[in-house]
Amino acid sequence: MSDKGNQVWGRGIKMGIGAWSWGDRLFWDYGKSHDLDDVREAFQTSLKGGVRLFDTAELYGWGKAEKVLGRQLESSSQPVQIVTKFLPLPWRLTRGSLVRALRGSLERLGQEQVDLYLVHQPWPPVPVETWAEALADAVEAGLARHVGVSNYGPDKMRRAHQVLARRGVALAANQVEYHLLHRDPERNGLLAEAERLGVRVMAWGPLGQGLLTGKYSPENPLPGVRGLAYNRRLKEVQPLLRTMREIGEAHDKTPAQLAISWVIAKGPMPIPGAKNGQQAAENAEAGRWQLPADAVAALDEASEHLA
Ligand SMILES: NC(=O)c1ccc[n+]([C@@H]2O[C@H](COP(=O)([O-])OP(=O)(O)OC[C@H]3O[C@@H](n4cnc5c(N)ncnc54)[C@H](OP(=O)(O)O)[C@@H]3O)[C@@H](O)[C@H]2O)c1
């Protein structure tokens with residue numbers, strides 16, 4: 001492996017921030033529930049709180065989220081880490097389409113290189129191996145410092161790892177859904193296999209896309225498209241939220257903070273989304289706190305049948 005391939009990515013990074021809502025209207029109501037000023041505050045507050053990794057994708061707001069993040073980067077001289085993603089759309093059939101897409105992302109972000117470039121989904125028809133070769137091309141072209149995948153199960157992750165290893169490039173990360181209401185990565189061997197291969201697991205949706213914040217209930221359901229996806233779960237999560245409130249009261253922490261620190265305690269890097277400065281500050285504080293082992297065990301038990 002080259003020096004580049006041997007660097008272990010993200011070991012010292014406890015958490016990042018998800019920037020999907022910074023420009024996405026359909027799912028996250030950008031322009032209605034929050035605007036550019038809120039994003040600016042979320043960005044600045046995260047930096048002040050020690051959170052320096054920002055996760056976006058070309059998909060988010062169809063490029064808008066990358067542009068909004070790019071505007072924040074323009075106005076800041078602080079060191080940050082940027083993660084973005086390639087979407088294997090069905091008409092993207094050749095290896096070269098990944099590097100072309102990355103160039104588009106870099107232009108929207110106003111950057112010459114990203115820290116981490118991920119294949120967003122292992123979608124057919126193009127095999128995992130072809131996109132892994134393309135990721136290595138992106139590193140060789142100097143457009144991405146590190147590369148990884150997202151939503152890959154253990155087998156596909158292993159296959160991508162093998163192809164990259166042959167090119168002397170490390171598979172740095174696998175970004176998957178992981179939170180108290182979705183614990184598949186613990187059960188399907190993903191976390192163990194990532195550990196074995198030296199792949200950093202990033203956890204998307206650590207707040208259950210709002211369900212774990214405690215602010216939604218059958219009387220106050222989630223809005224819009226999110227409601228269609230999640231409102232059916234509002235009743236069943238209430239006992240877990242009660243446990244989270246009890247533990248939170250003992251430690252002066254909110255349910256959102258417990259949800260984030262539970263992921264950190266399990267090992268993966270949570271990347272909670274935040275729409276404004278207040279959410280960003282609260283979430284960043286969770287990253288500076290350690291959830292005690294008895295609280296981890298209590299949350300494991302309370303979420304066991306839900307996840
Ligand atoms: N790789 C993938 O396939 C994939 C998929 C999904 C997401 N992601 C990435 O993962 C990131 C995080 O996931 P996510 O944004 O989908 O879900 P999430 O982090 O579980 O939830 C974020 C939402 O929760 C609410 N919230 C955040 N902090 C809060 C707080 N302290 N108190 C109360 N409410 C709070 C906000 O929405 P409201 O205020 O409107 O409730 C916020 O937009 C995304 O931004 C994206 O970068 C990746």
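Any chance segment 38-54 includes a residue that's more than 22 Å from GLU285 (Cβ to Cβ), among the hydrophobic types (A, V, I, L, M, F, W, C) and more than 11 Å from the ligand (Cβ to nearest atom)?
no
Considering only residues that are part of a helix (DSSP H, G or I) and out of contact with any Pro (no Cβ under 9 Å at 6 or more places or on another chain), look in segment 249-264 and name the one that is farthest from TYR30 (Cα to Cα).
Of everything passing the filter in segment 249-264, ALA250 is farthest from TYR30 (Cα to Cα).
Kindly establish whether LYS64 is under 18 Å from ASN283 (Cα atoms), at pLDDT 95 or above and more than 11 Å from the ligand (Cβ to nearest atom).
The answer is no for LYS64.
Would you tally the residues in segment 176-217 being closer than 26 Å to LEU241 by Cα and either assigned to a helix (DSSP H, G or I) or touching a Cys at 6+ places or on another chain (Cβ under 9 Å) (or both)? Quick ask: steps written out before the conclusion?
Restricting attention to segment 176-217, the residues satisfying the condition of being closer than 26 Å to LEU241 by Cα are 176-188, 191, 201-217.
Adding the requirement that they be either assigned to a helix (DSSP H, G or I) or touching a Cys at 6+ places or on another chain (Cβ under 9 Å) (or both) leaves 184-187, 191, 208-213.
Adding up the residues that qualify gives 11.
Scan LEU191, LEU207 and give me the residue that is surrounded by fewer than 24 Cβ atoms within 10 Å (Cβ to Cβ), closer than 25 Å to LEU53 by Cα, hydrophobic (A, V, I, L, M, F, W, C) and within 16 Å of the chain's Cα centre (by Cα).
On inspection, the qualifying residue turns out to be LEU191.
Regarding segment 226-244, can at least one residue be identified that is part of a loop (DSSP other than H, G, I, E, B) and within 11 Å of the ligand (Cβ to nearest atom)? Can you show your working first?
Within segment 226-244, the subset part of a loop (DSSP other than H, G, I, E, B) is 234-237.
Narrowing further to those that are within 11 Å of the ligand (Cβ to nearest atom): none.
No, segment 226-244 has no match at all.
Determine which single condition ALA307 fails, assuming it passes every other condition in (1) modelled with pLDDT under 95; (2) surrounded by fewer than 16 Cβ atoms within 10 Å (Cβ to Cβ).
Every listed condition holds for ALA307 apart from (2).
Among (1) in contact with a Lys or Arg (Cβ under 6 Å, 6 or more places away or on another chain); (2) without any contact (Cβ under 8 Å) to a residue 40 or more places away in the chain, where does ASP155 come up short?
(1)
Quick check on my filter: what residues within segment 118-175 are outside any strand (DSSP E or B), more than 16 Å from the ligand (Cβ to nearest atom) and of a type in the set (Lys, Arg)?
Correct list: ARG158, ARG159, ARG166, ARG167.
Hey, can you tell me all the residues within segment 124-141 that are β-branched (Val, Ile, Thr), over 13 Å from ALA165 (Cβ atoms) and out of contact with any helix residue (DSSP H, G or I) (no Cβ under 6 Å at 6 or more places or on another chain)?
Across segment 124-141, the qualifying residues are VAL126, THR130.
So, PHE54, is that one surrounded by 17 or more Cβ atoms within 10 Å (Cβ to Cβ) and touching a His at 6+ places or on another chain (Cβ under 7 Å) or not?
The answer is no for PHE54.
Evaluate the following for GLU107: is it away from the ligand (no atom under 13 Å from the Cβ), farther than 24 Å from LEU164 by Cβ and at pLDDT 95 or above? Break it down into steps so the answer makes sense when it comes.
On the way: away from the ligand (no atom under 13 Å from the Cβ): yes; farther than 24 Å from LEU164 by Cβ: yes; at pLDDT 95 or above: yes.
Here the answer is yes, as GLU107 does meet what is asked.
Which of the following residues is of a type outside the set (Lys, Arg), surrounded by 19 or more Cβ atoms within 10 Å (Cβ to Cβ), within 11 Å of the ligand (Cβ to nearest atom) and on the phi > 0 side of the Ramachandran plot: GLY16, GLY23, GLY10?
GLY23
For segment 248-261, does any single residue satisfy the condition of being among the aliphatic types (A, V, I, L, M), surrounded by fewer than 23 Cβ atoms within 10 Å (Cβ to Cβ), touching a residue at least 24 places away in the same chain (Cβ under 8 Å) and within 16 Å of the ligand (Cβ to nearest atom)?
No, because not a single residue in segment 248-261 is among the aliphatic types (A, V, I, L, M), surrounded by fewer than 23 Cβ atoms within 10 Å (Cβ to Cβ), touching a residue at least 24 places away in the same chain (Cβ under 8 Å) and within 16 Å of the ligand (Cβ to nearest atom).
Of the conditions (1) in a helix (DSSP H, G or I); (2) within 15 Å of the chain's Cα centre (by Cα), LEU102 fails just one. Which one is it?
Result: LEU102 fails condition (2) only.
Can you find a residue that is over 25 Å from ASN151 (Cβ atoms), buried (at least 21 other Cβ atoms within 10 Å of the Cβ) and within 16 Å of the chain's Cα centre (by Cα) anywhere in segment 82-89?
No, the conditions are met nowhere in segment 82-89.
The values are calculated or read from the model by the stated rules, or taken from the named source; none is laboratory data. Remember, it's a predicted structure, so these values are computed and weren't measured experimentally. Here the Cβ is made from the backbone with ideal geometry for all residues, glycine too, and neighbour counts use every protein chain on show.
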